[in-house]
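Structure, as structure tokens:
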Amino acid sequence: MAESASNTGSRKLIQIDVSSDSVCPWCFVGKKNLDKAIEASKDQYNFEIRWRPFFLDPSAPKDGVSKKEFYRQKYGNRYEGMFARMSEIFKGLGLEFDTAGLTGNSLDSHRLIHYTGKQAPDKQHKLVEELFIGYFTQGKFIGDREFLVETAKKVGIEGAEEFLSDPNNGLTEVKEELAKYSRNITGVPNYTINGKVKLSGAQPPETFQSAFKAASA
């Protein structure tokens with residue numbers, strides 16, 4: 001049954017700015033927990049979610065490199081334990097953590113996320129979900145133009161191929177958002193709720209729900 005305008009209009013608005021990187025597994029875990037909290041709270045609030053850029057490794061190569069080799073060089077033998085831990089966490093979410101494939105610079109994904117936020121703000125959250133699924137569970141390369149364009153089409157965003165074909169499109173905007181929302185952040189995911197309540201890390205759903213209550217007071 002469709003909700004009446006009076007029902008939705010009487011709810012308080014929860015605006016969430018999420019600083020995230022498309023190659024951050026904890027950002028995906030955090031999103032899953034956030035979605036659970038939103039589902040449990042949808043009768044109380046209306047939600048507006050905006051994804052902001054962050055770069056875990058700004059120097060990551062634009063050309064794809066093996067995930068395993070990249071993390072082996074970055075963390076040494078610790079990377080195997082890290083992958084094992086993430087595999088268990090993803091299993092708890094009903095997902096399979098794919099350690100195959102390539103990794104690299106995530107700039108183009110942030111350009112696409114920004115573009116989607118301008119074209120269809122209501123589809124940005126779903127786009128981020130699909131980017132995470134592709135990269136973390138299907139071995140997709142976050143810098144692959146074809147993957148990015150296909151993901152945009154999947155959520156109903158047109159014009160992504162033309163937008164991404166010019167490397168300058170969205171570049172200034174991504175840099176501006178990076179400076180505005182992520183300048184003082186040392187790690188992600190990071191959440192700012194209604195501009196006043198801040199959370200960091202992949203918090204459990206209950207913590208998000210408490211934050212919604214505090215932010216709407």
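Compared with the dominant principal axis of the Cα atoms in the chain, helix 145-154 is inclined by about 20°.
For the chain, the alpha-carbon coordinates run over 53, 40, 37 Å along the three principal axes, in decreasing order.
In sequence order, region 95-100 has phi-based couplings of 10, 10, 6, 9, 8, 7 Hz under the Karplus curve 6.51 cos²θ - 1.76 cosθ + 1.60, θ = phi - 60°, and Gly or Pro positions carry x.
Computed from the Kirkwood radius of its Cα pairs, the Stokes-Einstein diffusion coefficient for region 102-149 at 10 °C and 1.306 mPa s stands at 148 µm²/s. Where only DSSP H runs of four or more residues are counted, the chain gives -16000 deg cm²/dmol as its mean residue ellipticity at 222 nm, each run worth -39500 (n - 2.57). Potential lengthening of the chain between residue 88 and residue 13 amounts to 23.5 nm, from the contour at 0.36 nm per residue minus the alpha-carbon distance. Run the simple label-point estimate for residue 42 and residue 73 please: 7 Å along Cα→C-beta, distance reported in nm. Label at residue 42, label at residue 73, 4.4 nm between them.
Straight Cα distances below 19 angstrom link residue 74 to the lysines 62, with same-chain residues fewer than 8 positions distant left out.
Remark: relative contact order (region 94-217) = 23 percent; criterion is Cα-Cα distance under 8 angstrom and separation of 6 or more residues. Determine which residues of region 29-52 fall in the zone a paramagnetic label at residue 122 would reach in this model, i.e. backbone nitrogen under 16 Å from the point 7 Å along Cα→Cβ. Residues passing the 16 Å test: 46-50. Computed from point charges on the beta carbon alone (+1 for Lys and Arg, -1 for Asp and Glu), the dipole magnitude for the chain about its Cα centre is near 740 Debye.
Each Lys or Arg adds one and each Asp or Glu subtracts one; over the other residues with Cβ under 10 Å from the Cβ of residue 121, this totals +1. Per atom type, the chain shows carbon and sulfur on 48% of its accessible surface, probed at 1.4 Å.
In straight-distance terms, cross-link reach from residue 68 covers every one of the lysines whose alpha-carbon lies under 20 Å from its own, apart from those fewer than eight places away in the same chain; here that gives 91, 140. With Cα atoms defining each centre, region 194-217 and region 103-170 are spaced 27 Å apart in the structure.
Here's the list of lysines a cross-link from residue 196 could span, going by alpha-carbon distance under 30 Å and ignoring same-chain residues fewer than 8 apart: 12, 31, 32, 36, 42, 118, 123, 126, 175, 180, 213. Looking at the chain, the accessible area is 52 square angstrom per residue; that uses a 1.4 Å probe and ignores ligands, DNA and RNA.
GNM remark for the chain: springs join alpha carbons under 10 Å apart, and the peak mean-square fluctuation among 169, 184, 105 falls on 184.
A viscosity of 0.692 mPa s and a temperature of 37 °C, combined with the Kirkwood radius over Cα pairs in Stokes-Einstein, give a translational diffusion coefficient for region 1-128 of 195 µm²/s. Computed on the chain, with alpha-carbon pairs under 8 angstrom and 6+ residues apart, the relative contact order is 32 percent. Would you work out if region 75-117 is rounded, prolate or oblate? Take a ≥ b ≥ c from the square roots of the eigenvalues of the alpha-carbon gyration tensor; rounded if a/c is under 1.5, else prolate when a/b is larger than b/c, oblate otherwise. It is oblate, given that a/c is not under 1.5 and a/b is not larger than b/c.
Using Cβ point charges alone (K and R +1, D and E -1), the dipole size of region 78-169 about the Cα centre works out to roughly 260 debye.
Other residues lying with their Cβ under 12 Å from the Cβ of residue 97 contribute a combined charge of 0, Lys and Arg counting +1, Asp and Glu -1. Seen from residue 139, the other residues with C-beta closer than 12 Å to its C-beta sum to a net charge of 0, counting Lys and Arg as +1 and Asp and Glu as -1.
The values are calculated or read from the model by the stated rules, or taken from the named source; none is laboratory data. In this text the structure is predicted, and so the values were computed from the model without any measurement. No Cβ is skipped: glycine too gets one built from the backbone with ideal geometry, and neighbour counts run over all protein chains shown. Remember, those area values only see protein heavy atoms, side chains included, never the ligands or the DNA or RNA. Shrake-Rupley method; radii C 1.70, N 1.55, O 1.52, S 1.80 Å.
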